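So the structure is just underneath, and the comments pick up after that.
The values are calculated or read from the model by the stated rules, or taken from the named source; none is laboratory data. It should be emphasised that the depicted structure is a prediction, and the values quoted were computed from it without experimental measurement. In this analysis, Cβ positions are derived from the backbone assuming ideal geometry, glycine residues included, and neighbour counts consider all displayed protein chains.
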Amino acid sequence: MAEKNIKKRLFHGNFFLLIVSLVIAVVLWLILSITAFPEVDMTLKDVNIDFSLEGSYADLLGLSVITSDINTASVSFSGRREDIGKYTADDVHISLGLENVRGSGTYNIPLTVTSVNGDQLNDVEIAPQYVHIVFDKLATKILSVDDGSLTADLSNVIPASNYVIDPEEVRITPSQVEISGPKDYIDQVTSCVLTVSGSENVKGSYNVSDSKVTLYNGNAEFSNDLVSMKTSNFMVYIPVYYTRSIPLTVTLTTNNPAVDINTIPYTLSLDSMLVRGQDSDLELLDEINIGYIDVTEINIGKLFTFPLSDTSSYTNISGVDSVQVSFDLEGYTTKRISIPNSRIYTINGQSNFTATVEQDRVNVTVVGPEDELNELDSSNFIAQINLMDYELSTGPRILTCTVCAPNHPKIWATGLTQALVSFEVANEEAPEPADDIVVDGEE
């Protein structure tokens, strides 16, 4: 009974009448709005501008929007209430009026507003009405170690005393970098330099990742916010080597025991060579032998040239690629000597062959001190053929002679001396006849 009384009071009370009145008022307002005021005004702020160039002449030219002074605009318009009544910024589209864009440059581009849903928009106003745009072609460029456009500046790295940086072995990783931006700006960039942070008293090779990256236009620094670089993180390997100046020597050789090679004076065009390498390798080197010279090749005024080559232990950094060896033969002269057959000998033969020198004499040019050489003639010289140097067989052969003047160690033969030698199998002793063999009719 109490519950039934409460419902009755609610239904007939003022609170219920108030709710019903509000609902009726809203319905009446909606009916009046739609019928009496079918159009509404609307303003949308911060609507994104569409910077697409698709289908325009600017697109055909390959242009791109480089910069713009604004990215959004405010739009005011009117329309049918049932169409635009719930519009948001996503329901309108702001596009660019690109009709006048005919090349790279700066333009004031008018803005156009349309409905994304295809609805009719009236009394359209946009603020601002224009956008200030820079158009240009986008371009990329590769700066590379290989072509010298990507380099490292090591001026802040100070090696210790007797140490040096080898610029040829500096390595940059990655070895190339790509920059992109407006073509006009990209064309101005000629190089990229990595300035390595400072370090002093450096005694060994090392890697460094701390470097300042700077673009250059020729010798002038280039900077523009529109130019971007794909990477600015580089690793630079800095090769630091120990250096030392090491004496150079040359070795004289001869198979003539009568010649004292220590009496033949010579001069090198470079006494020592500056090299770089590891401390442990260079400290063990007392000298560097550049090559060998056979005494038979030495003559008055003749020069010998030897290359200065790198090895696994050192690299030549002297700036000199070769060394000349000259012989200080002042007071020396040459003389033509004819050595007779009787003074041509074969030595170290084999018992199963006999060797015979076939020619009457050999002619040879000898070099020596002038006052000493003038007193000698052919009787003071001999020619030897060392058969141990050859594999012998029957028949004639042309063999090399060693010419010397015994007891005259400062005199040597120059050039190649050869003689004709013939070989025969040595005669073997005939075996004694057996007792049962009849010789001259006797038993």
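Residues that are over 30 Å from VAL275 (Cα atoms): list the strands (runs of 3 or more DSSP E) wholly contained in segment 297-356 that include at least 3 such residues.
Because the criterion is at least 3 residues that are over 30 Å from VAL275 (Cα atoms), the strands (runs of 3 or more DSSP E) in segment 297-356 that meet it are 332-340, 344-347.
Working carefully through the options LEU248, LEU226, LEU303, LEU284, find the one that is surrounded by fewer than 18 Cβ atoms within 10 Å (Cβ to Cβ) and modelled with pLDDT of 95 or more.
LEU303
Mind checking which strands (runs of 3 or more DSSP E) fall wholly inside segment 170-279 and carry at least 2 residues that are among the aliphatic types (A, V, I, L, M)?
Here the list reads 176-182, 191-196, 211-217, 235-238, 240-253, 272-277.
So for segment 279-294 (the condition being closer than 30 Å to ALA405 by Cα and touching a helix residue (DSSP H, G or I) at 6+ places or on another chain (Cβ under 9 Å)), does at least one residue qualify?
no
How many residues, within segment 154-169, are in contact with a Lys or Arg (Cβ under 9 Å, 6 or more places away or on another chain) and outside any loop (DSSP other than H, G, I, E, B)?
3
Filter segment 396-428 down to the residues that are part of a strand (DSSP E or B), out of contact with any Ser or Thr (no Cβ under 7 Å at 6 or more places or on another chain) and farther than 30 Å from GLU372 by Cα and list them by number.
Selection gives ARG397, ILE398, LEU420.
Looking at (1) in contact with a helix residue (DSSP H, G or I) (Cβ under 9 Å, 6 or more places away or on another chain); (2) more than 16 Å from PHE51 (Cα to Cα); (3) β-branched (Val, Ile, Thr), which is the one condition that is false for VAL101?
VAL101 satisfies every listed condition except (2).
Among residues belonging to segment 152-167 that are surrounded by fewer than 17 Cβ atoms within 10 Å (Cβ to Cβ) and in contact with a Ser or Thr (Cβ under 9 Å, 6 or more places away or on another chain), point out the one that is farthest from ASN207 (Cα to Cα).
The qualifying residue farthest from ASN207 (Cα to Cα) is ASN162.
In segment 85-144, what count of residues is obtained for those that are surrounded by fewer than 17 Cβ atoms within 10 Å (Cβ to Cβ), among the hydroxyl-bearing types (Ser, Thr, Tyr), touching an Asp or Glu at 6+ places or on another chain (Cβ under 8 Å) and in a loop (DSSP other than H, G, I, E, B)?
0
Run GLY118 past the list (1) at pLDDT below 95; (2) assigned by TED's automatic domain parsing to the domain that holds MET229; (3) not aliphatic (A, V, I, L, M) and report the number of the one that doesn't hold.
Among (1) at pLDDT below 95; (2) assigned by TED's automatic domain parsing to the domain that holds MET229; (3) not aliphatic (A, V, I, L, M), the lone unmet condition for GLY118 is (2).
Checking GLU297 against (1) crowded, with 16+ Cβ neighbours inside 10 Å; (2) under 25 Å from LEU252 (Cβ atoms): exactly one of these is not met. Which one?
(1)
What number goes with the only condition from (1) closer than 24 Å to GLU125 by Cα; (2) in contact with a Leu (Cβ under 8 Å, 6 or more places away or on another chain) that ILE66 does not pass?
(1)
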